[in-house]
Protein chains: 2
Amino acid sequence: MLSKKTKYALHALTYLGKHKDEKTVLIQDIAEEHGISHKFLENILLELKKAGMLGSKKGKGGGYYLIKEPKEIPLSRVIRLLDGPIALLPCVSLNYYEPCAECKNEAICGINRVMIQVRDETLKILENKTLEDILKEE
Amino acid sequence: MLSKKTKYALHALTYLGKHKDEKTVLIQDIAEEHGISHKFLENILLELKKAGMLGSKKGKGGGYYLIKEPKEIPLSRVIRLLDGPIALLPCVSLNYYEPCAECKNEAICGINRVMIQVRDETLKILENKTLEDILKEE
DNA sequence: ATAAACCCTATAAAATAAATAGGGTTTGTA
DNA sequence: TACAAACCCTATTTATTTTATAGGGTTTAT
């Protein structure tokens, strides 16, 4: 399951996508819309900004805005940023690889091999679904 | 990512699959092979037994054994049993449904709709990969 | 000047996962 | 028939991760 962080990030991105004709959107507006703590959401938006998905403007009249086209933001990107690996095991993660302690020899581990296949197929799904798909459904 | 419980369960099932010509296998043998605590593994094997995947024999000379063909044990089954939902959000889980607190109206939520699609495609993968696929790779 | 907004780091609280403990029950074998 | 080896069960503790809070600092439009 996705963490609340990721879930909130998706809500925030969706909100920003729906209001992209407005120049900026306030944290407070998104937080109120979804009943999220202002401060918690702030941390999430900062991460999205550092990752290059959002821009922001300081000072009175400032706020956040999308700096990418919704179709350029795949679910895989958001999930990896806030939740970490998409792979089901550390030993098959592309971005967060770690060996499995209980595995004597990864090279001959059937679980490892199958999980690589699962990872590749799952990635295909999550790379193809983007913020645009979410917006189209609203 | 899968919990250690699920990972250990997969290792245990694989071990049992590789030794299915022997009548029974001891917890201790599996635990030693993968450096898992005997007691922790015991709890996992009991769950697998309750779920109808394993049989066991008490008393001296007893142990655990597979009671299903490896191809009848899909990953989805093991994951759901030990880890819970396969869906990425509670509001799209088939087996562990719960509404999302921050969602005002699930019926018009684009995230919900897209996550239903992701769930269906992910399920296809995890239902098609079975213990047999793991055993074939070893 | 000032208020409204973003930015940053650290810490606390809550929830979950992982492991341990301690015994009970069953059953094959000597 | 005693005993040891194995499964069976429940509860508790420990560790880790997630979630949330706190408290301020910096920037900028008006």
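The values are calculated or read from the model by the stated rules, or taken from the named source; none is laboratory data. Only a predicted model underlies this, so the values are computations on that prediction, with no experimental measurement involved. Here Cβ is always computed from backbone atoms with ideal geometry, including for glycine, and neighbour counts include all displayed protein chains. We work out accessible area using only protein heavy atoms, side chains counted, and drop any ligands, DNA or RNA first. Shrake-Rupley method; radii C 1.70, N 1.55, O 1.52, S 1.80 Å.
Laid out as a table, the results:
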| read-out | value |
| --- | --- |
| Descending Cα extents along the principal axes, chain A, whole Å | 59, 29, 24 |
| In Å², nearest 10: area of residue B:3 left accessible to a 1.4 Å probe | 40 |
| Which of B:11, B:65, B:128, positive extreme of dipole for chain B (C-beta unit charges) | B:65 |
| With every protein chain in place, chain B: carbon and sulfur % of accessible area (1.4 Å) | 48 |
| Mean ellipticity per residue at 222 nm, deg cm²/dmol - from DSSP H runs of n ≥ 4 across chain B, formula -39500 (n - 2.57) | -15500 deg cm²/dmol |
| Principal semi-axes in Å for the protein assembly as shown [√(5λ), Cα gyration tensor, largest first] | 43, 17, 16 |
| Rounded accessible area of residue B:42 (nearest 10 Å², 1.4 Å probe) | 50 |
| Innermost chain B residue relative to the axis carrying B onto A, by Cβ distance in angstrom | B:122, 3 |
| Per principal axis, descending, Cα span of the range B:24-73 in whole Å | 27, 22, 17 |
| Accessible area of chain B divided out per residue, in Å², using a probe of 1.4 angstrom | 51 |
| Where A meets B: accessible area buried, both sides, 1.4 Å probe, Å² | 3600 |
| For the range A:67-138 and the range B:69-116, distance of Cα centres in Å | 17 |
| Nearest-first distances (nm) between copies at residue B:127, label 7 Å from Cα via Cβ | 2.6 |
| Other-chain or far-sequence residues with amide H under 5 Å of residue A:54's (modelled H) | A:49, A:67 |
| Inter-copy separations for residue A:46, label at 7 Å along Cα-Cβ, nm, ascending | 4.5 |
| Copy-to-copy label separations for residue B:71, where each label sits 7 Å from Cα toward Cβ, in nm and ascending | 4.2 |
| Per-residue ³J(HN,Hα) for the range A:121-130, Karplus 6.51 cos²θ - 1.76 cosθ + 1.60, θ = phi - 60°, Hz, x for Gly and Pro | 6, 5, 4, 3, 5, 6, 7, 8, 8, 10 |
